[in-house]
Amino acid sequence: MKIFCDTNILLEFIQQRKFAKEVEQVLSFAESNGHQLCISIGSFYTTTYLAECYLKEEQLPQKERIEKLRAIMNGILDLFLFAQQSPEAISEGVNDELFSDLEDSYQAHAAMGEGCDVIITINEKHYRKLAESGKIEVLTPVDFINKVDI
């Protein structure tokens with residue numbers, strides 16, 4: 001199974017937000033069962049920026065903050081594959097009328113273009129029309145856990 005993780009899934013885990021435990025269960029399940037985890041390159045860039053902002057709030061010395069950021073990002077590189085996106089897929093994302101949030105549309109098209117089976121997101125309402133279209137399954141971490149019976 002190929003599992004695409006929306007940017008908010010990475011941030012949920014890094015910043016230890018409300019669903020961090022469930023995200024950790026999803027990631028552990030995928031890794032221990034040989035499933036592929038995918039993200040978009042856009043998620044990687046955005047996560048780098050937001051993780052650094054988060055670490056700045058901890059008021060660590062710059063050298064320690066950058067070392068911690070590099071450790072986080074290297075962990076992501078070890079765990080996830082990057083979904084490849086063609087210029088055509090990005091154009092489809094720009095013009096996909098199922099979405100009013102274009103960033104989510106880019107994520108969806110990255111997932112579908114990579115042949116992912118499911119998108120895991122905290123913002124399922126942003127993907128509701130896509131899920132209803134039957135093009136790809138969209139689940140929250142909790143719904144995924146319940147579906148695969150972790």
message: Tell me the residue from 97, 103 that is open to solvent by 60 Å² or more (accessible area, probe 1.4 Å), within 23 Å of residue 133 (Cβ to Cβ) and touching a residue at least 60 places away in the same chain (Cβ under 8 Å), please.
response: 103
statement: Of the candidates 37, 27, 55, the one satisfying the condition of being part of a helix (DSSP H, G or I), of a type in the set (A, V, I, L, M) and modelled with pLDDT of 95 or more is 27
- prompt: Cβ-Cβ below 9 Å, separation at least six or inter-chain, first residue in region 109-132 and closer than 13 Å to residue 93 by Cβ and small (Gly, Ala, Ser), second open to solvent by 10 Å² or more (accessible area, probe 1.4 Å) and in a strand (DSSP E or B): which pairs?
  reply: 110/82; 111/2
Residues satisfying the stated conditions in region 115-138, i.e. out of contact with any Leu (no Cβ under 8 Å at 6 or more places or on another chain) and open to solvent by 20 Å² or more (accessible area, probe 1.4 Å): 115, 117, 122, 123, 125, 126, 128, 131, 132, 134, 135, 137
message: Criterion first (under 14 Å from the mean Cα position of the chain (by Cα) and part of a helix (DSSP H, G or I)) does residue 104 satisfy it?
response: yes
- request: Can you run down the residue pairs with Cβ atoms below 7 Å, 6 or more apart or on separate chains, where the first is in region 24-39 and within 17 Å of residue 114 (Cβ to Cβ) and the partner is part of a loop (DSSP other than H, G, I, E, B)?
  value: 35/1; 37/80; 38/80; 38/114; 38/116; 39/80
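The values are calculated or read from the model by the stated rules, or taken from the named source; none is laboratory data. Quantities reported herein were computed from a predicted structural model and do not represent experimental measurements. For neighbour counting, all protein chains shown are included, and Cβ atoms are generated from backbone atoms with ideal geometry for every residue, glycine included. Ligands, DNA and RNA are stripped out before the accessible areas are found, and what is left, the full protein with its side chains, is counted by its heavy atoms. Shrake-Rupley method; radii C 1.70, N 1.55, O 1.52, S 1.80 Å.
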